């Protein structure tokens, strides 16, 4: 995956912002009704006030590609306007109701903060269309009301801080916290990316290390898959630092033994496994331990961590025949052997999982909607996959906050459990059955023809059709 000279990239689908704005509208946080008033002259020094009650339907937020000079974010609203007039101390009843539609530019930008990482905010860019008889200045006045303006101003997404902190833990792992660069010193750039054949439109942020100038303007096609709302990709340079971190931990352990050295250390990250080839040597006697093989990492949908299998790592200890007899009585040799056999695998697991899981922690907490009353707006963070490949790490995460409706594409039967345990939807979204049942219960996922039962499993609707029967479709 090409991320230019950035150290890591992460993308947020435009759909996520659309879902959140729809959710805010459903909770009347983004207002469902706004009052606008305008003073007009009837004759000299004789004025009347027009009151407009604007009822706003569910909005749409999307990336416009075709009807724009370059891709831009737009916000489409529609609804009804009901006017009444006040004159000479008297106010008329509602006069009539008229439908309206409008489109505005509603961009996404970075808002810098003193001594802090920037946050993602929405930026009103003006109306570009209003249906007759309204003019665009009326739509601008609508977005200038306190109800709308305050909502947009308070909507902040602080997803950058935890990711920069994770990046710093890798790059500056041996540096005291008070000597590390502050989070506001890391260069961050934001870019709109258009959808590809398997990806959805997104905003993508690129993060570098302090002192570099980011070069990512050649990247146009989205890197966020259709089945996720959030994607993070850590490039090969981060993985190289991860390797050095593991090496330094090994060297830290053996530094007390003057004759014990780490004489070889090679790690390769590919195909969800970390290949290792290392050798620890005791120079005075020629004894050495060779570590060779690979750690296999497996991610389970819904989990924030990866599971590691180290059974394919071989530890081979070679001792002169005489040393083999007395090694137990020589603490430096015995410690080096024990370290090679037991602690090196643990250190490698800790180092690798630290890199992966650092970026996952508190992701749901990093979406800040400060000052907004959204108690009824659900936010479910569901890690779909974490992949280790080509000396890089990629995580794709679902963030569910507004109902999705998709057809069921595949289901896997568990013979031990004697039921279906794993489901895949048409977009590629994957769930374990209990997770999917929970999301269906909460109304976040709808699958035509199926319903959840007791938050434990799925069942076809009792409509007499065979085509939605799980066993008929997918077998056992």
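Computed from the coordinates by the stated procedures, all read-outs in this text should not be read as laboratory data. In this text, all values refer to a predicted model and were calculated from it rather than measured experimentally. Every residue, glycine among them, receives a Cβ derived from its backbone with ideal geometry; neighbour counts consider all protein chains shown.
General remarks:
- Modelled label reach - residue 50, point 7 Å along Cα→Cβ, segment 83-100 residues with backbone N closer than 17 Å: 83-88, 91-100
- Neighbour-count ranking [beta-carbon atoms within 10 angstrom, fewest first] of 220, 171: 220, 171
- Computed FRET value (nearest 0.05) for residue 292 with residue 173, which takes r as the C-beta separation and R₀ as 35 Å: 0.85
- Once divided by 2.2 N^0.38 Å, the Cα radius of gyration of segment 403-474 becomes 1.00.
- Residues 151, 175, 290 in ascending order of nearby Cβ atoms (within 10 Å, fewest first): 175, 290, 151.
- In a fully extended conformation the segment linking residue 99 and residue 252 would gain 47.9 nm over its present Cα-Cα distance, using 0.36 nm per residue.
- Part-to-part distance (alpha-carbon centres) for segment 201-224 and segment 416-469, which is given in Å: 37 Å
- Residue 309-residue 131 pseudo-label distance in nm [points 7 Å out on the Cα-to-Cβ vector]: 5.8 nm
- The calculated FRET efficiency for residue 469 paired with residue 434, based on their beta-carbon distance and R0 = 22 Å, is about 0.60.
- Residue order, fewest to most beta carbons within 10 Å, for 427, 26: 26, 427
- Modelled spin labels at residue 266 and residue 182, positioned 7 Å past Cα toward Cβ, are 4.4 nm from each other.
- Cβ crowding within 10 Å averaged over residues, with 59-70, 383-394 ranked highest first: 383-394, 59-70
- Distance in nm between pseudo-label sites at residue 407 and residue 68 (7 Å out along the Cβ direction from Cα): 3.0 nm
- Two-site FRET efficiency, residue 85 against residue 441, from Cβ-Cβ distance with R₀ of 45 Å, rounded to 0.05: 0.35
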